[in-house]
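The values are calculated or read from the model by the stated rules, or taken from the named source; none is laboratory data. None of these values were measured; they are calculated from a predicted model. Ideal geometry is used to build each Cβ from the backbone, glycine not excepted, and the neighbour counts take in all protein chains shown. Only protein heavy atoms, including side chains, enter the accessible area calculation; ligands, DNA and RNA are left aside. Shrake-Rupley method; radii C 1.70, N 1.55, O 1.52, S 1.80 Å.
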Amino acid sequence: MATVEIKGLQSVINRLNSLGKSIDTVADNSLHKSAYDIKREVEKNIQTVTAAYNGHTYKATDTGRLFRSIHVEKLGMCRYAIGTNVEYAPMVEYGTGSAGDPSVPHTAKVKWVYFNPTVGEFRTAYPQPPRPYMRPAFETKRSVVTMNMSRDLLRAAIESTGGTV
């Protein structure tokens, strides 16, 4: 049986071990950057997504309120959320009524009346098709997040061993 000795291996192991807690910091910084990449993709989708239903074309934005509400929230170490607090956001993402995404429960009503507190009046709503903006952004950026994390952790490991990137 042959024996292989790698000179300096213990030094590399010691340096990687010393990286310790900074791995969490590197991962957190990587996820922070990725969260903002996803946010930008969500905003792009809101501005461009449309859907047609019964001869009408529906956009995901008209007042800009949904677009301006997209934000990143840090939930803890290596935990971020990208979202909105706009109450009608799920209706844009999944649609409404009989035109909505069938995987999500919807009313089958042809129209319904609701009170809009923002403008202080009753409004009539009609079925609208889904205009997904959030889910496609996550799917588009999923592999980028993984690649960024791998790159950032590899860079930190190389730098911790005295190498350069």
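The single condition among (1) farther than 29 Å from MET149 by Cα; (2) surrounded by 13 or more Cβ atoms within 10 Å (Cβ to Cβ); (3) not small (Gly, Ala, Ser) that ASP62 does not meet is (2). State whether one or more residues within segment 98-118 are out of contact with any helix residue (DSSP H, G or I) (no Cβ under 6 Å at 6 or more places or on another chain) and in contact (Cβ under 8 Å) with a residue 24 or more places away in the chain. Yes: segment 98-118 contains one or more residues that are out of contact with any helix residue (DSSP H, G or I) (no Cβ under 6 Å at 6 or more places or on another chain) and in contact (Cβ under 8 Å) with a residue 24 or more places away in the chain. Within segment 35-59, restricting attention to residues that are touching a strand residue (DSSP E or B) at 6+ places or on another chain (Cβ under 8 Å) and either among the aromatic types (Phe, Trp, Tyr) or in a helix (DSSP H, G or I) (or both), the residue that is farthest from VAL144 (Cα to Cα) is TYR53. Considered as a group, the residues in segment 144-161 that are more than 26 Å from ILE38 (Cα to Cα) and open to solvent by less than 80 Å² (accessible area, probe 1.4 Å) include one that is farthest from the chain's Cα centre (by Cα), and that residue is THR161. The single condition from (1) modelled with pLDDT of 85 or more; (2) under 25 Å from ALA51 (Cα atoms); (3) open to solvent by less than 40 Å² (accessible area, probe 1.4 Å) that PHE138 fails is (3). Specify the residue that is farthest from GLU93 (Cα to Cα); the eligible residues are those in segment 35-59 that are open to solvent by 40 Å² or more (accessible area, probe 1.4 Å) and of a type in the set (Val, Ile, Thr). Checking each candidate, the answer is THR57.
None of TYR80, TYR133 is in contact (Cβ under 8 Å) with a residue 40 or more places away in the chain, out of contact with any Gly (no Cβ under 9 Å at 6 or more places or on another chain), within 18 Å of THR48 (Cα to Cα) and not hydrophobic (A, V, I, L, M, F, W, C) except TYR133.
Can you spot a residue in segment 86-108 that is open to solvent by less than 50 Å² (accessible area, probe 1.4 Å) and over 26 Å from HIS71 (Cβ atoms)? Even if it seems obvious, please write down each step before you answer.
First, the residues of segment 86-108 that are open to solvent by less than 50 Å² (accessible area, probe 1.4 Å): 86, 89, 92-93, 95-97, 99-101, 104.
Narrowing further to those that are over 26 Å from HIS71 (Cβ atoms): 97, 99.
Within segment 86-108, one or more residues are open to solvent by less than 50 Å² (accessible area, probe 1.4 Å) and over 26 Å from HIS71 (Cβ atoms).
Among the residues of segment 109-124, those identified as open to solvent by 70 Å² or more (accessible area, probe 1.4 Å) and within 16 Å of ARG65 (Cβ to Cβ) are PRO117, THR118, VAL119, ARG123. Of all residues in segment 60-97, those that are assigned to a helix (DSSP H, G or I) and either more than 25 Å from ALA125 (Cα to Cα) or more than 19 Å from the chain's Cα centre (by Cα) (or both) total 1.
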